[in-house]
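Notes for the one structure printed next.
The values are calculated or read from the model by the stated rules, or taken from the named source; none is laboratory data. All values reported here derive from a predicted model rather than from experimental measurement. Cβ placement follows ideal geometry from the backbone for every residue including glycine, while neighbour counts extend to all protein chains displayed.
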Amino acid sequence: MSKESENKNQDSNIEKNQNEDEHGPSASNEDVTFDYPPIKYEYLDHTADIQIHSWGDSIEESFEQAAMGMFAYMTDTDLIENRDMKQIDIRADGDLQNLLFKFLCEWLEVYGTEDYFIPRKIEINLFDRNELRIIARGYGELFDLSRHTQGTEVKAITYSNMQIHEETSTHDVYVIVDI
Amino acid sequence: MPRTYDEELKFIERINNHSWRIKKGFVPNMNVEGVFYVNSHLEKLMFEELENATKFGGIGGFLPGMKQIANVAALPGIVGRSVGLPDVHSGYGFAIGNMAAFDYNDPKAIVSPGGVGFDINCGVRLLRTNLTEKDVQPMKEQLAQSMFDHIPVGVGSKGVIPMNAKDLEEALEMGMDWSIREGYSWAEDKEHCEEYGRMLQADPTKVSQRAKKRGLPQLGTLGAGNHYAEIQIVDEIYDRFAAGKMGIDFKGQVCVMIHCGSRGLGHQVATDALVAMEKAMKRDQIQTNDRQLACALIHSEEGQDYLKGMCAAANYAWVNRSSMTFLARQAFARCFNTTPDDLDMHLIYDVSHNIAKIEEHMMSDGKQKTLLVHRKGATRAFPPHHPLIPVDYQLTGQPVLIGGTMGTCSYVLTGTEQGMKETFGSTCHGAGRALSRAKSRRNLNWYEVLDDLREKGIAIRVASPKLVQEEAPDSYKNVTDVVETCHAAGISKLCVKLRPVAVIKG
């Protein structure tokens, strides 16, 4: 995808009530609707921490959902608007579990180091299982105490009882995050 | 073929009224035995957890605390016993409330970031005041609000202490010495802090840029989850002499407790180490029973890098707690229109309950050994006359601060000689969870939890009210059961009981 169309894509879904001056030329795309993915994650019982269970039509979707599930625990993501985009490009050593770990860590680190950027929608653009590489984009905005709710902070991703079930039709993924 | 619950029980044996032994064979490759301390209430919870886990075959689920204590006993270089303290509950890798010591001079011994936890040097500090309950009762809403206004809490909050990248480097190296130099701490504060608020092995160059970037905006923030700042009242004094040494003289005296850690910086140091150690484990052929027990040989490059980075993160945590102490002192001074000095807001003590330290211990054969002691959700509790505790507490033993949960009591204990022998000078750290967070959310209602606190006369300010049920007292083991078990088992001694009048939470 060319740089230009990428930019267009990233800013194409600004909500109608946004101020045009603040968001410049992208506001002209305000009639384009942004479809947020359905929720395919839940939080399961775990004594100290949170176990995220996600699923999807493909393993990519399950990964995306796990990351969105993580952010949804930190704030009510329905209040997050599509104002900014961040891209990650990661590689892991080992197996699919290492890749999932790295993928979630990377998003948590983007949040922690990019002024509390919270994506509402995460899209995997490239998923290379041989090279264990993922390129993904997150669409969202910077956390703002005046507009967003405070949930609980996710401290870290763990390997504890991590499970990836590719054999099931729902591609279930289980991951425990430390909070 | 997984064992049934009854088969599992054959490996668990009662030692006395307060402790149980986990025999070798409970999990593969155990080098030493496990032990856990419980009373009859806590015992039920532990066995229930094990029973549930045996029913649960495969998908989802998690390892019960007993299995985790045993998995730690299977790590290379462990000495003594893998100890589960009364507040023990299932964590990742190590259980929370798990203490394990490794022989520092054994070339095969390991260090594990999982044995420290992600929140490096998470800990508790207690300040005293010369105020009485009568002084604060009419002011408590105002005080709670003032504390809430001063201390940034919850997800997405940013610190108010001015800090640039260079300051951060210095803070990582100097710990509380930095806070004193910058005027946030009183010089005498560091006397009453483990390690005098500074780990000398700290090396900021072993902390990744990413960790520093996460830590920079968060210095002086409380965070979320179980972290809190509380205004507490002395409710009971069990040991008048020891309490007197701490400056706690009468029932109704007001104290301030702060519970927090090293924020995103510490979490990132731990995550970075886990990734680095996974490779080192393959190289050095270290076998563990659980992937989350990633570890490295103490004397490998990865092991030493982690220890130096962990020490830097520990220093950050002390600077963090010191910054919040500064803010709490300001909040009090403003409310009472006086100075923190005149309010006698001295630091009683500061403990770390997520840390690994190099310590000297006497082994059961009478020989002295240098050990790397991992305390995850466990508090150091050194006995009287130990050289590493401050002069003021030489006769009483080290003060041990046990934070309760939102709305419940907290305790001050002191270290004992028996604890030194049995648990390498370690005791519990808090209540320990009983209900899972998801279950808490289903069973408890957040506004009922808040109403209940108000009825008890506790002022509360919380950043995420909808999540308070996760931290509600009912989600935790009873902290009184936990400390009474420690006292009855002799691994530490009851000194003071505190009850909250105001809570500030993320």
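Residues are listed down the side, and each one gets a yes or a no for (1) at pLDDT 95 or above; (2) not acidic (D, E); (3) not in a helix (DSSP H, G or I):
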| site | (1), (2), (3) |
| --- | --- |
| B:G154 | no, yes, yes |
| B:G159 | no, yes, yes |
| B:P162 | no, yes, yes |
| B:D167 | yes, no, no |
| B:A171 | yes, yes, no |
| B:D177 | yes, no, no |
| B:I180 | yes, yes, no |
| B:Y184 | yes, yes, yes |
| B:D189 | yes, no, no |
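Would you confirm, using the coordinates I've provided, whether B:A312 is of a type in the set (A, V, I, L, M), surrounded by fewer than 20 Cβ atoms within 10 Å (Cβ to Cβ) and outside the structural domain of B:M30 (by the TED database)? No, not satisfied. Does B:G34 qualify as being of a type outside the set (A, V, I, L, M, F, W, C), crowded, with 24+ Cβ neighbours inside 10 Å, more than 14 Å from chain A (Cβ to nearest Cβ) and over 20 Å from the mean Cα position of the chain (by Cα)? Yes: the conditions hold for B:G34.
In segment A:105-133, the qualifying residues are those that are hydrophobic (A, V, I, L, M, F, W, C) and more than 9 Å from chain B (Cβ to nearest Cβ), and the one that is surrounded by the fewest Cβ atoms within 10 Å (Cβ to Cβ) is A:L126. Just wondering, is there one or more residues in segment B:396-411 that are under 25 Å from B:G114 (Cβ atoms) and without any contact (Cβ under 8 Å) to a residue 40 or more places away in the chain? Scanning segment B:396-411 turns up no residue that is under 25 Å from B:G114 (Cβ atoms) and without any contact (Cβ under 8 Å) to a residue 40 or more places away in the chain.
So if I check each of B:E49, B:E8, which one is surrounded by 20 or more Cβ atoms within 10 Å (Cβ to Cβ) and touching a residue at least 24 places away in the same chain (Cβ under 8 Å)?
B:E49
Can you find a residue in segment B:208-217 that is part of a loop (DSSP other than H, G, I, E, B), surrounded by fewer than 19 Cβ atoms within 10 Å (Cβ to Cβ), of a type in the set (S, T, N, Q) and away from chain A (no Cβ under 14 Å)? No, that holds for no residue.
Would you confirm, using the coordinates I've provided, whether B:A101 is farther than 30 Å from B:C311 by Cα and among the small types (G, A, S)? Criteria not met by B:A101. Within the bounds of segment B:227-244, is there any residue that is outside any helix (DSSP H, G or I) and within 14 Å of chain A (Cβ to nearest Cβ)? Checking segment B:227-244: at least one residue is outside any helix (DSSP H, G or I) and within 14 Å of chain A (Cβ to nearest Cβ). Looking at A:A156, is it within 11 Å of chain B (Cβ to nearest Cβ), of a type in the set (G, A, S) and in contact with an Asp or Glu (Cβ under 7 Å, 6 or more places away or on another chain)? Considered against the rule, which asks whether it is within 11 Å of chain B (Cβ to nearest Cβ), of a type in the set (G, A, S) and in contact with an Asp or Glu (Cβ under 7 Å, 6 or more places away or on another chain), A:A156 comes out as yes.
Within segment A:148-179, if we keep just the residues that are touching a strand residue (DSSP E or B) at 6+ places or on another chain (Cβ under 7 Å) and not in a strand (DSSP E or B), the residue that is nearest to A:A67 (Cα to Cα) turns out to be A:V154. Looking at segment B:437-506, the helices (runs of 4 or more DSSP H) lying wholly inside it that each contain 2 or more residues that are within 14 Å of chain A (Cβ to nearest Cβ) and buried (at least 19 other Cβ atoms within 10 Å of the Cβ) sit at B:437-443. Within the span defined as segment B:381-390, every residue fails to be crowded, with 18+ Cβ neighbours inside 10 Å, assigned by the TED database to the domain that holds B:L450 and not in a loop (DSSP other than H, G, I, E, B). Against the conditions (1) over 30 Å from B:M30 (Cα atoms); (2) in contact with a helix residue (DSSP H, G or I) (Cβ under 8 Å, 6 or more places away or on another chain), where does B:D272 fall short? Just the number, please. That leaves (1) as the condition not met.
Every residue, every condition in (1) within 15 Å of the chain's Cα centre (by Cα); (2) basic (K, R); (3) under 29 Å from B:R441 (Cβ atoms), yes or no:
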{"position": "A:C105", "(1), (2), (3)": "yes, no, yes"}
{"position": "A:I122", "(1), (2), (3)": "yes, no, yes"}
{"position": "A:L142", "(1), (2), (3)": "yes, no, yes"}
{"position": "A:L145", "(1), (2), (3)": "no, no, yes"}
{"position": "A:H148", "(1), (2), (3)": "no, no, yes"}
{"position": "A:K155", "(1), (2), (3)": "no, yes, yes"}
{"position": "A:Y159", "(1), (2), (3)": "no, no, yes"}
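The number of residues in segment A:142-153 that are under 29 Å from B:V275 (Cβ atoms) and either more than 7 Å from chain B (Cβ to nearest Cβ) or of a type in the set (A, V, I, L, M) (or both) comes to 1. Of all the residues in segment B:424-480, those that are within 23 Å of the chain's Cα centre (by Cα), of a type in the set (D, E) and within 20 Å of B:I233 (Cα to Cα) number 0. Exactly one residue among B:P107, B:P138 is out of contact with any strand residue (DSSP E or B) (no Cβ under 9 Å at 6 or more places or on another chain) and either under 30 Å from B:E302 (Cα atoms) or without any contact (Cβ under 8 Å) to a residue 60 or more places away in the chain (or both), and that residue is B:P138. Among the residues making up segment A:48-91, those that are away from every other protein chain (no Cβ under 12 Å), among the hydrophobic types (A, V, I, L, M, F, W, C) and in a strand (DSSP E or B) are A:M85, A:I88.
Of everything in segment B:191-207 that is touching a Gly at 6+ places or on another chain (Cβ under 6 Å) and assigned to a loop (DSSP other than H, G, I, E, B), the residue that is surrounded by the fewest Cβ atoms within 10 Å (Cβ to Cβ) is B:R198. Taking the criterion of being outside any strand (DSSP E or B) and over 22 Å from A:T158 (Cβ atoms), the residues of segment B:62-107 that qualify are B:G77, B:Y104, B:N105, B:D106, B:P107.
Quick grid of which residues meet (1) in a strand (DSSP E or B); (2) closer than 28 Å to B:L297 by Cβ; (3) not charged (D, E, K, R):
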| site | (1), (2), (3) |
| --- | --- |
| B:A313 | no, yes, yes |
| B:M324 | no, no, yes |
| B:P340 | no, no, yes |
| B:M345 | no, no, yes |
| B:Y349 | yes, no, yes |
| B:I355 | yes, yes, yes |
| B:S364 | no, yes, yes |
| B:T370 | yes, yes, yes |
